[in-house]
Amino acid sequence: MADEPLVLGIETSCDETGVGIVRGHTLLADAIASSVDEHARYGGVVPEVASRAHLEAMVPTIQRALKQAGVSARDLDGIAVTAGPGLAGALLVGVSAAKAYAYALGKPLYGVNHLASHICVDQLEHGALPEPTMALLVSGGHSSLLLAPDITGDVRPLGATIDDAAGEAFDKVARVLGLGFPGGPAIDRHAREGDPAAIAFPRGLTGGRDARYDFSFSGLKTAVARWVESRRREGREVPIADVAASFQEAVVDVLTRKAIRACRDNGVDHLMIGGGVAANSRLRSLAQERCDDAGILLRVPRPGLCTDNGAMVAALGAEMVARGRPASTLDLPADSSLPVTEVSVPGHTHEEPSPKGGSAGGGSARGGQAGGAHGPDSAHGNDHAHDHAHSHAHDHDHIRRQTTSIS
Ligand code: KG4
Ligand code: ZN
């Protein structure tokens with residue numbers, strides 16, 4: 001429909017330069033330039049390399065998206081951009097570009113949260129999100145169960161990983177197996193030839209007294225590494241397909257079990273799964289099986305919309321415009337550790353909400369909701385000494401909170 005908002009979205013939180021264009025819930029363009037090949041030989045994303053690649057790819061990718069969508073930049077109703085979380089330098093490139101286009105074209109700017117975008121993208125595939133939405137968000141940097149009464153302003157963490165993110169575990173296990181980076185797709189492929197019941201790997205935090213909605217994948221990762229090492233020490237062949245399938249099964253078993261529990265406990269009859277790991281074929285099939293058994297409607301976007309892309313940012317931007325949410329100011333900061341509860345970033349010159357609340361708009365997204373002491377994926381207490389070469393997930397969670405303003 002022509003009266004739905006036409007929004008361009010820019011994503012640069014990690015190694016994909018994504019530019020998407022949507023009209024309301026309709027995807028018009030999804031242009032991506034990835035620097036993943038440049039990182040592969042380091043076994044993880046190198047922030048400086050990613051930032052430089054974003055800079056080089058930005059303008060051509062925007063032009064490609066506009067051409068693909070068959071629209072002129074002048075027709076846009078807004079420009080949305082990932083303001084965080086992610087790699088600080090990489091985010092800055094996207095935020096700077098979005099400001100430049102917004103300023104030059106005289107269009108409103110929307111700085112949005114990467115994680116909420118991973119959820120909102122499903123509107124392009126399956127139409128309006130139900131309210132509240134129950135979402136399992138699984139990516140290289142995050143593994144969270146989120147309840148979102150309003151995807152443009154109210155996202156509440158129910159639980160999260162207390163150590164590694166699910167995608168991080170996939171990447172690390174792939175490295176142990178010598179499958180290269182990123183590891184998720186490679187494990188997914190090898191697992192198809194393997195037996196998921198071949199090795200009984202541990203299921204973290206599934207005891208009766210463990211946190212109901214939190215995850216832990218660090219012990220599983222170590223168990224896989226030990227198992228593989230002992231086979232090698234004995235001079236025996238490592239059955240890569242069986243290890244991949246058994247590891248993958250342990251991850252998706254826990255993810256789906258806890259997600260369905262969260263739906264049941266909260267009386268929600270559907271489940272959305274988003275983030276790069278949602279591209280995993282076994283996660284998709286097991287989630288479907290278990291949701292069918294539980295009478296829960298499953299919504300998972302197609303794999304290309306699960307991994308990082310610009311369309312997801314445009315989708316959330318369009319929803320912000322449609323709901324009359326306030327735009328960000330041009331001093332919008334990039335925030336590498338933006339909490340999941342902050343769906344949009346108003347900018348420095350926006351008025352802060354009063355301590356008693358009551359402020360509508362961008363301000364209402366602020367302030368912790370549920371989640372208490374264990375904020376989303378914040379509890380990285382573990383010692384990852386032997387993992388120091390790894391990856392963007394590490395950076396997502398370990399970079400000191402760093403709010404950088406450019407205007
Ligand atoms: O959402 P995303 O593209 O970037 C982040 O925000 O982190 O997620 C990337 C993560 C990587 O860890 C990658 O290995 C994982 O998603 N991934 C997969 C699959 N495709 C990507 N994990 C398991 N199976 C897949 N098919
Ligand atoms: Zn992501």
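Since every read-out is calculated from the coordinates, none of them should be taken as a lab result. All figures in this text were calculated on a predicted structure; none of them were measured in a lab. A quick note on method: Cβ atoms are made from the backbone with ideal geometry, for glycine too, and the neighbour counts reach across all protein chains shown.
Report, ordered by chain and residue number, the lysines lying within cross-link reach of Lys172, taken as a straight Cα distance under 30 Å and ignoring same-chain residues fewer than 8 apart. Cross-link targets: Lys221, Lys258. Near the amide H of Asp214, within less than 5 Å, lie the amide hydrogens of Ala160, all on another chain or at least 5 residues away, with H placed in the peptide plane. In this simple spin-label approximation, Val238 and Lys67 carry label points 7 Å from Cα along the Cα→Cβ vector, and these lie 4.4 nm apart. Taking 17 Å as the straight-line reach from the Cα of Lys107, the aspartates and glutamates in range (excluding those fewer than 8 positions away in the same chain) are Asp3, Glu4, Asp75, Asp77, Glu319, Asp331.
Taking every DSSP beta bridge that has both ends in the chain, the antiparallel portion is near 65%. Net charge in the neighbourhood of Ile79 (other residues with Cβ under 10 Å of its Cβ; Lys, Arg +1, Asp, Glu -1) is +1.
The shape of segment 138-303 comes out prolate: with a ≥ b ≥ c from the C-alpha gyration tensor, a/c is at least 1.5 and a/b beats b/c.
Against the chain, whose longest principal axis is taken from its Cα atoms, helix 310-322 shows a tilt of about 50°.
In square nanometres, what is the average projected area of the Cα convex hull of the chain? For the chain, the mean projected area of the Cα convex hull comes to 19.3 nm². Which shape class, rounded, prolate or oblate, goes with segment 151-213 when its Cα gyration tensor gives a ≥ b ≥ c as root eigenvalues, a/c under 1.5 marks rounded, and past that a/b bigger than b/c marks prolate? Cα axes put segment 151-213 in the oblate bin. Here's the picture: a label point sits 7 Å out from the Cα of Thr206 along the beta-carbon direction, and within segment 248-262 the residues with their amide nitrogen under 14 Å of it are 248-261.
In sequence order, segment 37-52 has phi-based couplings of 5, 6, 8, 3, 6, 8, x, x, 6, 9, x, 5, 5, 5, 4, 4 Hz under the Karplus curve 6.51 cos²θ - 1.76 cosθ + 1.60, θ = phi - 60°, and Gly or Pro positions carry x.
Distant-in-sequence amide contacts of Arg156, defined by a placed amide H-H separation under 5 Å and a gap of 5 or more residues or a different chain, comprise Leu147, Ala148.
Relative to the longest principal axis of the Cα atoms of the chain, helix 218-233 runs at roughly 40 degrees.
Highest GNM mean-square fluctuation among Leu305, Leu205, Leu87, for the chain modelled with Cα contacts below 10 Å: Leu205. Listed values for segment 299-306 are Karplus-derived 3J(HN,Hα) couplings in whole Hz (6.51 cos²θ - 1.76 cosθ + 1.60, θ = phi - 60°), namely 10, 10, x, 5, x, x, 9, 7, and x replaces Gly and Pro.
For the chain, modelled as a GNM whose springs connect Cα atoms under 10 angstrom apart, the maximal fluctuation among Pro157, Pro196, Pro301 occurs at Pro196.
Residues whose amide H falls under 5 Å from that of Leu271, counting only those 5 or more places apart or on a different chain, are Leu297, Leu298, Arg299, with hydrogens built in the peptide plane. In plain terms, the chain is cut at each of the trypsin sites (Lys or Arg not before Pro) found in a DSSP loop with at most 14 other Cβ atoms within 10 Å, and the longest leftover piece is 42-191.
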